[in-house]
1. Regarding segment 29-36, can at least one residue be identified that is under 27 Å from LEU219 (Cα atoms), surrounded by 17 or more Cβ atoms within 10 Å (Cβ to Cβ), in contact (Cβ under 8 Å) with a residue 40 or more places away in the chain and among the polar types (S, T, N, Q)?
2. Are any of the residues in segment 146-168 assigned by TED's automatic domain parsing to the domain that holds PRO270 and in contact with a Cys (Cβ under 8 Å, 6 or more places away or on another chain)?
3. Counting only residues that are within 25 Å of ALA156 (Cβ to Cβ), crowded, with 18+ Cβ neighbours inside 10 Å and at pLDDT 90 or above, how many does segment 319-347 have?
4. In segment 121-139, how many residues are touching a Gly at 6+ places or on another chain (Cβ under 7 Å) and crowded, with 24+ Cβ neighbours inside 10 Å?
5. In segment 200-212, which residues are free of Cβ contacts under 8 Å to residues at least 40 places away in the same chain and either crowded, with 23+ Cβ neighbours inside 10 Å or touching a strand residue (DSSP E or B) at 6+ places or on another chain (Cβ under 9 Å) (or both)?
6. For residues in segment 82-120 being on the phi > 0 side of the Ramachandran plot and modelled with pLDDT of 95 or more, which is surrounded by the fewest Cβ atoms within 10 Å (Cβ to Cβ)?
7. Quick one: how many residues across segment 261-296 are of a type in the set (Asp, Glu), crowded, with 18+ Cβ neighbours inside 10 Å and not in a loop (DSSP other than H, G, I, E, B)?
8. Can LEU322 be described as in contact with a Leu (Cβ under 8 Å, 6 or more places away or on another chain) and under 29 Å from VAL82 (Cα atoms)?
Amino acid sequence: MVVVMEERASEDQIQRVVAQLVQMGFDVHRSTGSLRTVIGAVGGQTKGDPRLVEALDGVHEVMRITEPFKLASRTFKPEDTVITVRDLRIGGDEVIVMAGPCSAESEAQVMSTAAAVKRAGAKVLRGGAFKPRSSPYSFQGLGEQGLQMLRVAADAHHLALVSEVMDASQIAMMVPYVDILQVGARNMQNYTLLRELGRLRTPVLLKRGISATIEEWLLSAEYILAGGNMDVMLCERGIRTFESYTRNTLDISAIPVVKKLSHLPILVDPSHGTGRRDKVAPMARAAVAAGADGLLIEVHCDPDQAMSDGAQSMFPGQFDRLMAELRIIAPAIGRSICLEPVARRGWGSE
């Protein structure tokens, strides 16, 4: 259930409500909005009558959360969540673009691609160091060496860094390098990994599984939120359908559906969503027009020689043109894309 406090509720009144909920057996999560404090109470086994909470001083109303995803729902938090990553605000007025190679292959490749996406207006460098591949004989990534390359390139060009974590055992090694930990489609329901990520305070980008419903996707986010990590962003990356012309079917309709159901930011990956370089730009334009809070786009300086996903990776020139187009589309829906230079404060090597 959700307990909505009165506008002028004191901290003592809030703490008394929290104590009462804990005594009743709930796990308690607090969200402070612009006007009111909202307390989410989650738990299947409770002691006592929840109506006792309604009688406490400072309580405005108590509501049941009917959705199975409690903390991800708009009932728990009506306002949009905005996630701060260094100087960036993901989920705010600016559409944040994350771009870079599918995987780190060499220092020169990573550095040149980072320079290209930064010039075009990207704010986050995306790149894989661990690659989940369908074939065990395919390139699996460079591991920690790849992370080192990506971190150096990100710092050199004042970019944040997002990279995929595949297993809970990799978390401790990856956290010093990355600003955002990505959970890929194959791991959306890896609940052991999700629980571990819930113990962190590093933002998590959670991709939709290839056959997952929106409810299942939000319930996976719930695992992370329930652990205490509230900095979760969702990423639509296409689902598996009967269509074979594209790699996946990019579900643009998921954007407004998620926006209505959840307060979490939603990004779109048109590269994996289509698997075709010539389809990335139109789907990226459609995603921004539909209300996406950000994009993940694969860019490679020589995609025809890429060691993974070259067919869906844009050339830098194509990415530059796309960014120019997005700067026209975004203002039409009250958003912006990279209108101001990225602040350099706090972006150096740490």
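1. So far as segment 29-36 goes, yes, one or more of its residues are under 27 Å from LEU219 (Cα atoms), surrounded by 17 or more Cβ atoms within 10 Å (Cβ to Cβ), in contact (Cβ under 8 Å) with a residue 40 or more places away in the chain and among the polar types (S, T, N, Q).
2. Going residue by residue through segment 146-168, those that are assigned by TED's automatic domain parsing to the domain that holds PRO270 are 146-168.
Filter again for in contact with a Cys (Cβ under 8 Å, 6 or more places away or on another chain), leaving none.
No, because not a single residue in segment 146-168 is assigned by TED's automatic domain parsing to the domain that holds PRO270 and in contact with a Cys (Cβ under 8 Å, 6 or more places away or on another chain).
3. Total satisfying the criteria: 4.
4. First pass over segment 121-139, keeping only residues touching a Gly at 6+ places or on another chain (Cβ under 7 Å): 125-132.
Checking which are crowded, with 24+ Cβ neighbours inside 10 Å leaves us with 125-129.
Summing the residues that are touching a Gly at 6+ places or on another chain (Cβ under 7 Å) and crowded, with 24+ Cβ neighbours inside 10 Å in segment 121-139 gives 5.
5. Correct list: LEU200, THR202, VAL204, LEU206, GLY209, ILE210, SER211, ALA212.
6. From segment 82-120, those on the phi > 0 side of the Ramachandran plot are 86, 91, 100; that's our starting set.
Filter once more, so that each one left must be modelled with pLDDT of 95 or more: 91, 100.
On the way: GLY91: 20, GLY100: 31.
Here the answer is GLY91.
7. In the first step, residues of segment 261-296 are kept if they are of a type in the set (Asp, Glu); the result is 269, 278, 293.
Narrowing the set further to residues that are crowded, with 18+ Cβ neighbours inside 10 Å leaves 269, 293.
When the remaining residues are screened for being not in a loop (DSSP other than H, G, I, E, B), the result is none.
Going through segment 261-296 one residue at a time, the tally reaches 0.
8. Details: in contact with a Leu (Cβ under 8 Å, 6 or more places away or on another chain): no; under 29 Å from VAL82 (Cα atoms): yes.
In short, no.
The values are calculated or read from the model by the stated rules, or taken from the named source; none is laboratory data. Keep in mind the model is a prediction, meaning the values are calculated, not measured. Ideal geometry is used to build each Cβ from the backbone, glycine not excepted, and the neighbour counts take in all protein chains shown.
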